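Laboratory data are not the source of any read-out in this text; all were calculated from the coordinates shown. Just so it is clear, the structure is predicted and the values come from calculations on it, not from any experiment. When we count neighbours, we look across all protein chains shown, and the Cβ atoms used for this are built from the backbone with ideal geometry, even at glycine.
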Amino acid sequence: MKIGILTSGGDCPGINATIRGVCKTAINHYGMEVYGIHSGFRGLLDNDIVPLDESSLTGLLNLGGTILGTSREKPFKRKAGAVSENKPAIMLQTIRERGLDCIVCIGGNGTQKTAAKLAEAGVNVVSIPKTIDNDVWGTDVSFGFDSAVTIATDAIDRLHSTASAHQRVMVIEVMGHKAGWIALHSGMAGGDIILLPEIPFDIHRIGDAIINRLKKGKPYSIVVVAEGIPTIGGKKAAQYIAEEIEYETGFETRETVLGYIQRGGSPTAYDRNLATRMGGHATELIAQGMFGRMVALKGNTIESVPLSEVAGKLKLVTEDHDLIVQGRRMGICFG
Ligand code: F6P
């Protein structure tokens, strides 16, 4: 059997560990042939595909980024009502010409949507959820998330000493797109006030929370803000909230935007192991002929869900999440 593998969308720690998990299982355990497709779905359009063997798979477990490269190519996206350049047909031709029996798609929400469409077009597809945002529907956790939360928590810890020294409010903006998962987990691990896109906030309540902290002898506060919260005037989340807090409370306030640091570098041990398990399971699905499915973590078990159920949905934070319930009980302000 010949399988093609691609990585698409924003990169994150753990992609290379997943590639390793898929390919080593395929080569060593099942005797399959593996081909790397470069730059996501663009590689299928450009016929940019290379064979992968054991030697191309060494040193990947702790390596950040993706050895295959990535892109945000959306080959099924319609322009003015028409599918541009008939990209789906070009991809199908490449897959046929190369004799690929299955395509493994590693990516976030956009990738799952494209993978589902590829499956609808008759291609054998297995996908794996990958994103620091943790917003892929159907899996409890995506690899990359734990690494991003660890990086954000480390940054928050570092802000504590400077915030305390100057008695300032520090606002830190973390990624997550439309979801607040990184802000929730890193905020609960080290912040005082946490703002998520899923929970509407009131700047007066945030001001009150900061002033109450002062009354309790805490002259500084760390505010963790998800990039996806609503702002006014096109301002970035951290800038907007820092300006509003300073105006509301009179406290000297500074902002930090953590940005792409959250996507770079080595994966945590948790992400390496999740990536390895998910990669291995993807190959198992291929061996069993179970196509059109996305690998998923449910509880502590690796399973799979139909791609058709995943596509187009987002997994967002809900207010009954135990970290929010527990945070509120302990006086954390969610805005
Ligand atoms: O999906 C991962 C992510 O890092 C989001 O958190 C962020 O909003 C987005 O990608 C940034 O996208 P780009 O890499 O295209 O700038």
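Given H placed on each backbone N at 1.01 Å, which residues far from VAL34 in sequence or on other chains put an amide H within less than 5 Å of it?
Amide H neighbours of VAL34: ILE3, LEU52.
With each pseudo-label sitting 7 Å past Cα toward Cβ, what's the GLU120-THR301 distance in nm, one decimal?
3.0
Counting each DSSP H run of 4 or more residues in the chain as -39500 (n - 2.57), what helix-only mean residue ellipticity at 222 nm follows after dividing by all residues, to the nearest 500 deg cm²/dmol? It would help to have the intermediate numbers written out before the result.
Details: 11 runs with 127 residues, N = 335.
It comes out at -11500 deg cm²/dmol, rounded to the nearest 500.
Out of residues 5 or more away from THR256 or on other chains, whose amide H comes under 5 Å of its own, with H placed 1.01 Å from N in the peptide plane?
Amide H to amide H, under 5 Å and 5 or more residues apart or across chains, THR256 pairs with VAL171, ILE172, GLU173.
Give the order of ARG78, ARG328 when sorted by the count of other beta carbons within 10 angstrom, beginning with the fewest.
Ordered from fewest to most neighbouring Cβ atoms within 10 Å, ARG78, ARG328 come out as ARG78, ARG328.
Working out 0.36 nm times the residue gap between GLN239 and GLU54, then minus their Cα-Cα distance, what length gain in nm do you get to one decimal?
61.8 nm
Could you bin all the Cα-Cα distances of region 21-145 into 10 Å bins starting at 0 and give me the percent of pairs in each, rounded to whole numbers?
12, 42, 36, 10, 1
Using θ = phi - 60° and the Karplus curve 6.51 cos²θ - 1.76 cosθ + 1.60, what whole-Hz ³J(HN,Hα) does each residue of region 195-200 get, with Gly and Pro shown as x?
My calculation for region 195-200 gives 10, 10, x, 7, 10, x Hz in order.
Give me MET91, MET188, MET1, MET330 sorted ascending by neighbouring Cβ count inside 10 Å, so fewest comes first.
Ranked by crowding around the Cβ, least crowded first: MET330, MET1, MET188, MET91.
Once Lys and Arg get +1 and Asp and Glu get -1 on their Cβ, which of ILE95, LEU214, LEU195 lies farthest toward the positive end of the dipole of the chain?
Sorting the options by dipole projection puts first ILE95.
May I ask you to work out the translational diffusion coefficient for region 30-70 at 10 °C, viscosity 1.306 mPa s, via Stokes-Einstein with Rh from the Kirkwood sum over Cα pairs, reported in whole µm²/s?
It diffuses with D of about 141 µm²/s by this estimate.
If you rank ASP157, ASP101, ASP11 by fewest surrounding Cβ atoms within 10 Å, what's the result?
The most exposed by this proxy come first: ASP157, ASP101, ASP11.
Starting from the Cα of ASN212, step 7 Å along the direction of its Cβ; do the same at LYS178; then give the gap between the two resulting points in nm.
My value for the distance between the label points is 3.1 nm.
Once the piece of chain linking GLU319 and ALA287 is laid out straight, how much longer is it, given 0.36 nm per residue of separation minus the C-alpha distance between them?
Residue separation times 0.36 nm, minus the Cα-Cα distance, leaves 7.5 nm.
If you place +1 on the Cβ of every Lys and Arg, -1 on the Cβ of every Asp and Glu, and leave all else neutral, what size is the dipole of the chain about its Cα centre, to the nearest 20 Debye?
That gives the chain a dipole magnitude of about 300 debye.
For LYS130, which sequence-distant residues (separation of 5 or more, or a different chain) have an amide H within less than 5 Å of its own amide H, given hydrogens modelled in the peptide plane?
Hits under the 5 Å cutoff: GLY107, GLY108.
In square nanometres, what is one fourth of the surface area of the convex hull spanned by the alpha carbons of the chain?
Answer in nm², one decimal: 17.7.
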